[in-house]
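K.L.:
Following this message is one structure expressed as structure tokens.
Just so it is clear, none of the values below were taken in a lab; they were calculated from the coordinates. Source: prediction; values computed, not measured. Ideal geometry is used to build each Cβ from the backbone, glycine not excepted, and the neighbour counts take in all protein chains shown.
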Amino acid sequence: MKSHLSNFLIYLRIEKNCSLLTIIDYRLELEKFILFLEKKNLNNLTNITTSIVRE
């Protein structure tokens, strides 16, 4: 999952030209979400459902 996060942050910086603060905010929130998923033993993006995201 962390590689997906890194790729997304690179995308934000290069393709979307987002500000550093925006990228930092995304990183912090997504890292929290990744920890949440890891606690639920969900390490594959294809196993994540809408209800899990809402949780």
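K.L.:
Return the lysines within reach of residue 16: Cα separation strictly under 27 angstrom, same-chain partners fewer than 8 residues apart disregarded; answer none if there are no such residues.
P.N.:
2, 32
K.L.:
Can you run the Rg to Rh ratio on the chain? Use alpha carbon positions and the Kirkwood inverse-distance Rh.
P.N.:
My calculation of the ratio gives 1.02.
K.L.:
Among 42, 7, 30, pick out the residue whose Cα is farthest towards the positive end of the charge dipole of segment 2-54, where Lys and Arg carry +1 and Asp and Glu carry -1 on C-beta, about the Cα centre.
P.N.:
Of the listed residues, the answer is 42.
K.L.:
Please report, in debye to the nearest 20, how large the charge dipole of the chain is about its Cα centre when each Lys and Arg carries +1 at its beta carbon and each Asp and Glu carries -1 there.
P.N.:
For this selection, approximately 60 debye.
K.L.:
Nearest 10 degrees is fine. How inclined is helix 2-14 to the longest principal axis of the chain, computing both from alpha carbons?
P.N.:
30 degrees
K.L.:
In degrees from 0 to 90, rounded to the nearest 10, what is the angle of the helix 20-39 Cα long axis to the longest principal axis of the chain?
P.N.:
The angle comes out at about 10 degrees.
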